[in-house]
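Down below is the structure, laid out as structure tokens.
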Amino acid sequence: MVLNLQDKQKENLLRMLDFNIEVAGAADASSAWGEQWKVLVYDPFCRDIIAPILKLQELRKKGVTLHMLLENDREDIPDVPAVYFVQPTESNLRRIVTDCAKELYSTIHINFAEPIPRQRLEFFAKSCVDAGCTSMISKVYDQHANFVCLEPQLFSLNQANSYRAYNDASIADAQIEQTMADITAGLFSVLATLGTVPVIRAPATDGPARMVAEQLNQTLRDHLGSRSGVFQDASTNFQRPVLVIVDRNEDLASGLHHPSTYQALVDDMFKIKLNRVNVLVASDKGQPTEKAYDLDVRTDKFFEQHAGALILEAISANEEELKASGHASAGTKDLVAAVDTLPALLEKKKSLEVHTNIFHATFESVSARHVHVYSVLEQKLIDGSHVTKQEVVDLLSSPDKGNVTDKLRLLMIYYLTSGADMVELEAAFAQVAGADGYKSAWAHIKQHASFQKHASVGGALAGGDAAASGSKLKGYLNANWAGSFAGHAQGFLAQAAESFKSFLPENKKLQLARITDAICDLRPGTEDDSYLYLDPKIKATSTANIPRQRTPFRDVIVFVIGGGNYNEFQNIQAYAKVRRAPRPLLTVLASARHIIYGCTELLSPDEFLEQMNRL
């Protein structure tokens, strides 16, 4: 069983646009034209759910003529039905009642992103009766869709300030409990969409991960006991997945690191939001203009293949493909073949030129801040390689290399990985312009010495001797990039090779990948022994009495409370890819791994730093 969350959610959204009428198969649902014109009304949260999954042409294909925000004033279209997709908040319910009373549309089909609490449902029903508009409402559905699926193996609950929500001492306990309940509801929706009931693993120590794990376990058990129909197909799956829930505080360094892979680096420099990024592009007039580009692995073959690649690998691949597409179009002699292939070639070239523009913008940003220098030093610290204190002091003291957040991120990673005396380093950072503005973030790191024990990483992604891996890491770029590009690199690639050659390949498992590996392989003396083991399908008086699965897990969902990042996502997907690499059949069956990565919200390193600074 390969878990593809994005396909499942798309299938549910298309069904919603068909007024929740079952269509045989997801493929039929996506290709079938809608038989009736309709209006789609959503709130901002549900707009973000739809945006990465359904493009404008797909909405049109389903008969959606207009899509509008619930909060905006809208003209009446009395002959057309409306599909509402909103959160069941009290303000949204009041607005829906107002729309019904005005009879803006012929009928209204209401879809709540998450199950509406009984108390609010009663409030909504009473409000409709009082307004005399009950006949306007055709049906009401709970969709279990309150999460944003950005890629087949990547989702976010889109809960803003999720790290601050449980680490800020000024936040009341009741508010923290509500935050944990919201996370539980979001995770339940993910599992309901997948139609699977996993084994749940989380740290046994008190904290947000354990709280969510226990709440989710009870929620799943209640649904299975009541036979609600949400998991009606779950019992037929022989191979069950495992859900690993962790707290961001398990590994702060991964959230602060300057990454070296394409997708993660672009997110660090410009922030990717809902698979779109805004960059400055040189125009014909010389003045740079801001352009928005889609970075979608479903529709962009190049990005699908190279999103997790080292930035220089991605730039090189882009240049090679541009050359190849140019040769292909120039060398087509057969007129019929040219007519057939030219549109596809032009489309491919257009897509590659988008990436060229993004590479140029990234190159400018990285070069201006000397990001590659920070990245290589931080990577050595995270990998456990030797870094002298003087190297860090020199970089912190350099006025030309990096801004204040670059320097603070390096300082934090050095503290988390070494725990050495910080007096000299703090003094160097204090001289940086703007350092006073980040006292709260630095105090948060320093007052929690327990963070340090989680800063190290696991072994190499592909396994093997750690010392040999470390040696390979040090010589990687000199042996490969310098020699590879010195002879034939031209123009931009040559410049990029010179600036980016310091980027180290991230070929070690980060903390989350190491924990996942240990739990999935049932490795003794690791988190597999110390983490809670919860199975919603088994009734037991205590967790110690639950019989455990004795075969390695192949399907995995990992979830980070407090914010995830593309660096961690790419690292765990690289680990999963290594486990799926060609090898003897029995070995593949035992060790192949498919991993979905989820988090309360996706944060760029600077966004994560800002949340810590507001504590």
(request) Would you tally the residues in region 112-135 being open to solvent by less than 70 Å² (accessible area, probe 1.4 Å), touching a Cys at 6+ places or on another chain (Cβ under 8 Å) and assigned to a helix (DSSP H, G or I)? (result) 2
(request) Given the conditions (1) more than 16 Å from the chain's Cα centre (by Cα); (2) closer than 30 Å to residue 214 by Cα; (3) of a type in the set (A, V, I, L, M, F, W, C), report the number of the one that residue 269 does not fulfil. (result) (2)
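Would you confirm whether or not region 368-376 contains a residue that is in a loop (DSSP other than H, G, I, E, B) and out of contact with any strand residue (DSSP E or B) (no Cβ under 8 Å at 6 or more places or on another chain)? I'd like the intermediate steps shown before the answer.
To start, the set of residues in region 368-376 that are in a loop (DSSP other than H, G, I, E, B) comprises 370.
With the extra rule that they be out of contact with any strand residue (DSSP E or B) (no Cβ under 8 Å at 6 or more places or on another chain), the set shrinks to 370.
So far as region 368-376 goes, yes, one or more of its residues are in a loop (DSSP other than H, G, I, E, B) and out of contact with any strand residue (DSSP E or B) (no Cβ under 8 Å at 6 or more places or on another chain).
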(request) Run residue 408 past the list (1) under 18 Å from residue 369 (Cβ atoms); (2) over 33 Å from the mean Cα position of the chain (by Cα) and report the number of the one that doesn't hold. (result) (2)
(request) Mind listing whichever residues of region 40-74 are without any contact (Cβ under 8 Å) to a residue 24 or more places away in the chain and within 17 Å of residue 98 (Cα to Cα)? (result) 72, 73
(message) Which of the numbered conditions does residue 109 fail, given that it passes all the others? Conditions: (1) open to solvent by 10 Å² or more (accessible area, probe 1.4 Å); (2) outside any helix (DSSP H, G or I); (3) more than 15 Å from residue 86 (Cβ to Cβ).
(response) (3)
(request) Find the helices (runs of 4 or more DSSP H) located wholly in region 523-614 whose residues include 2 or more that are at pLDDT below 95, and list them. (result) 527-530, 566-579, 585-591
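If we keep just the residues of region 48-77 that are acidic (Asp, Glu) and within 29 Å of the chain's Cα centre (by Cα), which is least open to solvent (accessible area, probe 1.4 Å)?
Initially, region 48-77 is screened for residues acidic (Asp, Glu), giving 48, 58, 71, 73, 75-76.
So of that shortlist, the ones also within 29 Å of the chain's Cα centre (by Cα) come out as 48, 58, 71.
Details: 48: 24, 58: 46, 71: 115 Å².
The selected residue is 48.
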(message) So, in region 252-291, how many residues would count as being open to solvent by 10 Å² or more (accessible area, probe 1.4 Å) and either of a type in the set (Gly, Ala, Ser) or farther than 16 Å from residue 308 by Cβ (or both)?
(response) 19
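Only one residue in 398, 365, 385 is open to solvent by less than 70 Å² (accessible area, probe 1.4 Å) and assigned by the TED database to the domain that holds residue 310, so which one is that?
Numbers: 398 fails: assigned by the TED database to the domain that holds residue 310; 385 fails: assigned by the TED database to the domain that holds residue 310.
Being open to solvent by less than 70 Å² (accessible area, probe 1.4 Å) and assigned by the TED database to the domain that holds residue 310 holds for just one of 398, 365, 385, which is 365.
In region 230-257, what residues are modelled with pLDDT of 70 or more and part of a loop (DSSP other than H, G, I, E, B)?
230, 231, 239, 240, 241, 251, 252, 257 - these are the residues of region 230-257 that are modelled with pLDDT of 70 or more and part of a loop (DSSP other than H, G, I, E, B).
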(message) I'd like the full set of residues that are open to solvent by 60 Å² or more (accessible area, probe 1.4 Å) and at pLDDT 90 or above, limited to region 404-425.
(response) 423, 424
(message) So, in region 91-106, exactly how many residues are within 23 Å of residue 146 (Cα to Cα) and open to solvent by 10 Å² or more (accessible area, probe 1.4 Å)?
(response) 5
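Run down 219, 205, 179 and say which single residue is of a type in the set (S, T, N, Q), buried (at least 20 other Cβ atoms within 10 Å of the Cβ) and assigned by the TED database to the domain that holds residue 560. Lay out the reasoning, then the answer.
Working: 219 fails: buried (at least 20 other Cβ atoms within 10 Å of the Cβ); 205 fails: buried (at least 20 other Cβ atoms within 10 Å of the Cβ).
When all the criteria are applied, what remains is 179.
Matching residues to (1) open to solvent by 60 Å² or more (accessible area, probe 1.4 Å); (2) modelled with pLDDT under 90; (3) over 18 Å from residue 258 (Cα atoms):
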site: 378; (1), (2), (3): no, no, no
site: 432; (1), (2), (3): no, no, yes
site: 440; (1), (2), (3): no, no, yes
site: 453; (1), (2), (3): yes, yes, yes
(request) Name, by its number, the condition in (1) surrounded by fewer than 21 Cβ atoms within 10 Å (Cβ to Cβ); (2) under 30 Å from residue 282 (Cα atoms); (3) among the aliphatic types (A, V, I, L, M) that does not hold for residue 371. (result) (1)
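Sort out for me the strands (runs of 3 or more DSSP E) sitting completely within region 136-192 that have 1 or more residues that are in contact with a Pro (Cβ under 7 Å, 6 or more places away or on another chain), of a type outside the set (A, V, I, L, M) and without any contact (Cβ under 8 Å) to a residue 40 or more places away in the chain.
Working: elements: 137-142, 148-151, 154-156.
Where strands (runs of 3 or more DSSP E) fall fully within region 136-192 and carry at least 1 residues being in contact with a Pro (Cβ under 7 Å, 6 or more places away or on another chain), of a type outside the set (A, V, I, L, M) and without any contact (Cβ under 8 Å) to a residue 40 or more places away in the chain, they are 137-142.
The values are calculated or read from the model by the stated rules, or taken from the named source; none is laboratory data. No experiment lies behind these values; they were computed from the predicted model shown. For neighbour counting, all protein chains shown are included, and Cβ atoms are generated from backbone atoms with ideal geometry for every residue, glycine included. When the accessible area is computed, the model is the full protein with side chains, heavy atoms only, and any ligands, DNA or RNA have been set aside. Shrake-Rupley method; radii C 1.70, N 1.55, O 1.52, S 1.80 Å.
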